[in-house]
Amino acid sequence: MMKGKDLLSIYDLSLEEINLIFRVAEELKSDRKIGKPHPYLQGKTLAMIFQKHSTRTRVSFEVGMYQLGGYALYLSGKDLQLGRGETIKDTAQVLSRYVDGIMIRTFSHEEVEELAYYASVPVINGLTDLLHPCQVLADLFTIKEKKGSLKGLKLAFIGDGNNVAHSLLYGCSKVGMDIAVASPPGYKVKEEIVERAMAVAKKTGSKILITEDPLEAAKDADVLYTDVWASMGQEEEQEERMKMFSNYQVNKEMLKYTKEDPIFLHCLPAHRGEEVTEEIIDGPWSAVFDEAENRLHVQKAIMALLMS
Ligand code: CP
Ligand code: NVA
């Protein structure tokens, strides 16, 4: 059903495709637990282009490819001719002659779209300034594991209206989860993403709230989620952002407003004492390391479905 496709945005996935990814991920996760090999991508190669730093994405894709019987190449943007001005168009066509899939982490989302347009092999978005779909698929998979199902749950995202928040808007609306996003003025999610998510939400019955009030967002939430205040590429804005986001910290006070037994998620890396207190991220609510682990299982499912 998904063979040969790209994965650039959750918006492009049907609910059936999302559920299929989850089913395969579940199977791969339990196979791995009992040591059952699953070489679905034997002899296949994934090129991984990184224009930004990464721990989880790089390691989970690389290890995941290995566990599927294939091979992954780490290509730093600086080392590729891409870093010296070779075009995306040519890079896409050349890599397509060598490899069976391309994962890319970069700044501009349009660059990933262009790569996918010219590549004849599946392209997977490993994070852009706009979206982080693989992250959010792993997040939803984690919530499903913890809560049993997704539909009707409420996720509150407290913080920067950036790539992770955007993909959460698409992901939650697709699976029928309610989502509230609280960000300070000037750092809200993009209007066009909210509009597209709202159109999806209308069909799936999910509710979307965009607010400046973190406690209004947290009200009755089953899941609390946050991300760093300054993303990769925004390092010089760190000081300004520390001021703007100071009221947007996930802390124990916030738990008074959520449902009884919320789970806390964070895409990581985290800055303890900034967007989240140590007490929360290292406390009993936190599922951040299960979430990080699930990047592996979910991305293996994605690669197996697109590339086998
Ligand atoms: N969450 C995430 O994508 O982590 P990395 O930046 O370490 O890949
Ligand atoms: N918003 C963060 C996510 C990191 C996984 C960033 O873009 O740096």
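The values are calculated or read from the model by the stated rules, or taken from the named source; none is laboratory data. Keep in mind it's a predicted model, so treat the numbers as computed, not measured. Note: ideal-geometry Cβ built from the backbone for every residue, glycine included; neighbour counts use all protein chains shown. For accessibility, only protein heavy atoms count, side chains too; no ligands or nucleic acids. Shrake-Rupley method; radii C 1.70, N 1.55, O 1.52, S 1.80 Å.
Longest exposed-loop-site-free stretch of the chain, with GluC sites (Glu not before Pro), DSSP loop and at most 13 other Cβ within 10 Å?
Working: sites that count: Glu86, Glu260.
The longest uninterrupted stretch comes out as 87-259.
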Correct semi-axes for region 120-274, from √(5λ) of the alpha-carbon gyration tensor and rounded to whole Å with the largest first, are 22, 20, 15
Treating region 221-308 as a set of equal point scatterers at the Cα positions, no solvent, please give the Debye-formula log₁₀ I(q)/I(0) at q = 0.14, 0.17 Å⁻¹. -0.59, -0.78
Span from the region 91-118 Cα centroid across to the region 221-280 one, whole angstrom: 32
Separation of the Phe107 and Lys3 label points, Cα + 7 Å toward Cβ, nm: 3.9
Return P(r) of region 88-147 (all Cα-Cα pairs; 5 Å bins starting at 0; whole %; ordered from short to long distances). 4, 20, 24, 18, 14, 10, 6, 4, 1, 0
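Whenever you get a sec, line up Asp282, Asp261, Asp160 from highest to lowest accessible area (probe 1.4 Å, protein heavy atoms).
If we order Asp282, Asp261, Asp160 from most to least accessible, we get Asp261, Asp282, Asp160.
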Taking a crude spin-label model, label points 7 Å out from Cα along the C-beta direction, the Thr55 to Met242 distance in nm is 2.1
Would you compute the Debye intensity of the chain from its alpha-carbon atoms alone, equal scatterers and no solvent, and pass along log10 I(q)/I(0) at q = 0.10, 0.11 Å⁻¹ to two decimals? -0.53, -0.64
Distance histogram in 5 Å bins (all Cα pairs of region 55-113, percent per bin): 4, 15, 25, 28, 18, 9, 1
Pairwise over distinct Cα atoms, reciprocal of the mean inverse distance: report the Kirkwood radius of region 98-208 in Å, one decimal place. 14.8
So what's the angle, to the nearest 10 degrees on a 0 to 90 scale, between helix 56-67 and the longest Cα principal axis of the chain? 40
Eligible lysines near Lys78 by straight Cα distance, threshold 20 Å, same-chain separation 8 or greater: Lys52, Lys89
So which lysines pass the test for Lys33, namely a Cα distance under 16 Å, with those fewer than 8 places away in the same chain ruled out? Lys300
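Residues of the chain: accessible area per residue at 1.4 Å, in Å²?
Details: 13600 Å² over 308 residues.
Each residue of the chain exposes 44 Å² on average to a 1.4 Å probe.
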Tell me the label-point distance for the pair Glu86, Asp220, using the 7 Å Cα-to-Cβ offset, in nm and rounded to one decimal. 5.5
What 222 nm value per residue comes from the helices of the chain, counting each DSSP H run with n ≥ 4 as -39,500 (n - 2.57) and dividing by all residues, nearest 500 deg cm²/dmol? -13000 deg cm²/dmol
With everything on Cα atoms, drop me the angle between helix 88-98 and the longest principal axis of the chain, reported from 0 to 90° to the nearest 10. 60
What percent of all Cα-Cα pairs in region 19-130 falls into each 10 Å bin, going from 0 up to the bin containing the maximum distance? 14, 43, 31, 11, 1
